[in-house]
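Down below is the structure, laid out as structure tokens.
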Amino acid sequence: MGPADATLRIVLVGFMAAGKTTVGRRLAARLGWGFVDFDEVIEARTGLTVPGIFRTQGEAAFRALEAQLTDEFGCAPGVVLAPGGGWITQPRLLDALGPGSLVVWLRVSAQEAVRRALADDVHRPLLAGPDPLGKARLLLDEREPLYYLADAVVDVDGHEVDDVVGQITGRIRVLPDLNAAGPWPERTE
């Protein structure tokens, strides 16, 4: 495997509550890389919550902000990116990623996604209403063919975070001198 085959960045895709943020943080720490959670950066830059953006500006405005972050960080070396669950619905964004990108689908079932989402204190605008499981199934059915465009699939139902991270790190080749000192946004925690 030559340097061209090295993994320079990892993009975690998957349905809401698949664990992109949790896995992404742990994975970035293990690799010594930067971590960019798109939702957190968008909230910090706009001063609005994701549900607030959906409510006041609509989903298209949120997706445009995700596209801007992809353009900004999609070619940066030494970074784990965690876009929103619907990021994959914009096919041009996959093409905007630089060489050396590894796109990993964190596959979660609709039941597990809803269980996790309802356990969080985070409002999920796309699950609002009387039948969140029904909505989750519809959205997942719609997006699943797009998630299959990922380079790798890791099932997360019933797996601990460290196991998921281990499965991802087992699929990558990182150059030892890859420097993760990049223009990563400050953590908002």
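For this structure, a couple of remarks:
- Net charge of neighbours whose Cβ lies under 12 Å from the Cβ of Pro99, counting Lys and Arg as +1 and Asp and Glu as -1: -1
- Calculated FRET value between Thr169 and Ala61, using beta carbons and R₀ = 45 Å, to 0.05: 0.80
- In nm, spacing of pseudo-spin labels at Asp155 and Ala119 (7 Å Cα→C-beta vector): 1.8 nm
- Computed over the chain, the per-residue total of -39500 (n - 2.57) for DSSP H runs of n ≥ 4 gives a 222 nm mean residue ellipticity of -13000 deg cm²/dmol, rounded to 500.
- Here, the chain yields an orientationally averaged convex hull projection of 10.3 nm² when only Cα atoms define the hull.
- Angle in degrees between helix 59-73 and the longest Cα principal axis of the chain, rounded to the nearest 10: 10 degrees
- The separation of the stretch 12-54 from the stretch 57-80, counted between C-alpha centres, amounts to 11 Å.
Read the figures in this text as sums done on the coordinates, not as results from a lab. Since the structure is predicted, the reported quantities are computational estimates derived from the model, not experimental observations. Methodologically, a virtual Cβ is constructed for each residue, glycine included, from the backbone with ideal geometry; neighbour enumeration extends over all protein chains shown.
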